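Structure, as C-alpha cells:
The values are calculated or read from the model by the stated rules, or taken from the named source; none is laboratory data. Remember, it's a predicted structure, so these values are computed and weren't measured experimentally. Here the Cβ is made from the backbone with ideal geometry for all residues, glycine too, and neighbour counts use every protein chain on show. These area figures cover heavy atoms from the full protein model, side chains too; ligands, DNA and RNA do not enter into them. Shrake-Rupley method; radii C 1.70, N 1.55, O 1.52, S 1.80 Å.
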Amino acid sequence: MAARRLDGTAVAARIREELAPKAAAFAARHGRPPGLGVVLAGSSAASEIYVRNKLKTVAEAGCKAALFRLDESASLDEALATVRSLNADDTIDGILVQSPLPAGMGKGAEQQVFDAVDPAKDVDGFHAINAGLLVQKRATLVACTPLGCIELLEREAIPIAGRHAVVIGRSDIVGKPMALLLLHRDATVTICHSRTTDLPAMARQADILVAAIGRPGFVTKAFVKPGATVIDVGINRLDTADDVARFFAEGSAKRRQFAEKGSVLIGDVHPEVEEVAGALTPVPGGVGPLTIAMVLRNTIAAAEARAQ
Ligand code: NDP
C-alpha cells in the first residue's frame, strides 16, 4: 500500500493563517510590525529562490521583510558590518544570513557571521547560545527546518513519545537539532552519519526515520521498516536524463516534468520507499514549506521576546 503523504504545503498554509493575526496584534501593540532582515551575499540561483520565498511569506503575514544584498566579491568584514547594523536596528527583530556565503569570504566565514548575529534576533537558531539553550530544552529560537519537521509530525498526529527515531545526518543546522527536538518529546533517538556501521540495519529500527544527508535517493526500501514514518529533508536537483531514469519510471510525473523543465527535485529518500513507509513527506512540498513557515514563526517569537 502506498504511504500516506504528509502534505507540508497544506500544513504550512494553516500555520501562516494562524500567525498572521499574531503579527497584526504585535503591530497594533507596538506601532510597528515584526521585522525580518535577510542578508544575501552572491548570486546563487537556489539561494535567490529560498530568500524570495522567505521574504514573501513573512511580508504576506504582515511583517516587515527587508533584503540586504552583498556582491559575490564582498568581504567578510562587509558581511559582519551588515549583520552589526541589523543588530542595532530596532525595527528588525530577526536576522537571517542565507547560506552558503561566497567562498571568497574565506574558510570559517559562515561561523563568524552566524556568531555575530544578536542571539535575540537569531531566527535561524544557529547561534551557539541558542544551540546551547536547545540542549537544555529552553530555547525560544530553534533551527527552522527541524522545528518544521516536528510541527509536521505533531499536526499529522504521528506519535513521537516512546518511539524510536533514527536521524541520518548530524549537521548543526538539521541533524543535531532534529535529534534534540525528538529527544525532548520523549523519543528514543539514534543519530547516524557517514561513519555509521550497517546504516540500513540501523535505519530499519526506526519508527520515525529522518533523512538529512544531501544525497539523492540514498534511503532505499532496505532502510525502512514497513509502516515507518519517513521525513525527507533532502533537496537535490537532477538535471540529466540518465539520473532521472535511475529514480523515476517511464511515464511518471517526474519524467514528464524533466522533459518540460530540464531538471527535477528529489529528496534523500528513494521514490520506492513509498511502497513500504506508513507516511512520507514529498519533495518538493514536504519539509521545505514548513521551514519557511518556521522563519515566520521565529520572527514573530523574536519580536515578542524582544518587546518584553
Ligand atoms: P550537511 O552536508 O551539513 O550534512 C549532511 C550529513 O549527512 C552529515 O552529517 C553527513 O555525515 C551525513 N552523510 C553524508 N553522507 C552520508 C552517508 N553516505 N551515510 C550516512 N550519512 C551521510 O547537510 P545539511 O544537514 O545542511 O542538509 C542535509 C540535506 O537537507 C541537504 O540535501 C540539504 O539541501 C537539505 N536541506 C533542506 C532544507 C529544507 O528546508 N527542506 C533546509 C536545510 C537543508 P558526516 O557528518 O559523517 O559527514
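Results, tabulated for the structure shown:
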| quantity | calculated |
| --- | --- |
| Accessible carbon and sulfur surface of the chain relative to its total accessible area, %, 1.4 Å | 52 |
| Potential lengthening between residue 128 and residue 237 on full extension [0.36 nm per residue; Cα-Cα distance subtracted] | 36.2 nm |
| Accessible surface, per residue, of the range 99-166 when the full set of protein chains is kept, probe 1.4 Å, Å² | 43 |
| Stretch gain in nm, segment residue 140-residue 306, where the contour uses 0.36 nm per residue and the Cα spacing is subtracted | 58.7 nm |
| Principal axis box of the range 136-192, alpha-carbon based, largest edge first, Å | 25, 24, 19 |
| Residue 89 accessible area, assembled protein chains, probe 1.4 Å, Å² | 50 |
| Using alpha-carbon coordinates, inclination of helix 144-155 to the longest axis of the chain, degrees | 60 |
| Distance between the range 142-210 and the range 236-308 - C-alpha centres, whole angstrom | 18 |
| P(r) weight above 16 Å for the range 31-121, C-alpha pairs, percent | 51 |
| If the convex hull is drawn through the Cα atoms of the range 144-290, its volume per residue in Å³ | 107 |
| Measure of compaction for the chain (Cα Rg per 2.2 N^0.38 Å) | 1.01 |
| Rounded FRET efficiency, nearest 0.05, which uses the C-beta distance separating residue 154 from residue 25 and R0 of 22 Å | 0.40 |
| Protection-proxy order for peptides 18-27, 161-170, each taking the mean of Cβ atoms within 10 Å per residue, highest first | 161-170, 18-27 |
| Charge-dipole axis of the range 30-143 as Lys and Arg at +1 and Asp and Glu at -1 on Cβ define it, positive-most pick from 142, 106, 50 | 142 |
| Calculated P(r) tail over 18 Å for the range 1-160, as whole % of Cα pairs | 65 |
| Residue-wise HN-Hα coupling along the range 181-187, computed from phi with Karplus coefficients 6.51, -1.76, 1.60 (Hz; x: Gly, Pro) | 5, 5, 4, 5, 9, 6, 6 |
| Using alpha-carbon coordinates, inclination of helix 8-30 to the longest axis of the chain, degrees | 10 |
| Cα long-axis angle, helix 45-60 against the chain (0 to 90 degrees, to the nearest 10) | 60 |
| Calculated SAXS-style log₁₀ I(q)/I(0) at q = 0.28 Å⁻¹ - the range 5-76, Debye, Cα scatterers | -1.19 |
| Charged-residue dipole, Cβ positions (Lys, Arg, Asp, Glu), the chain about Cα centre, Debye nearest 20 | 540 |
| Inter-label distance, nm, simple model (7 Å from Cα along the C-beta direction), residue 161/residue 13 | 3.2 |
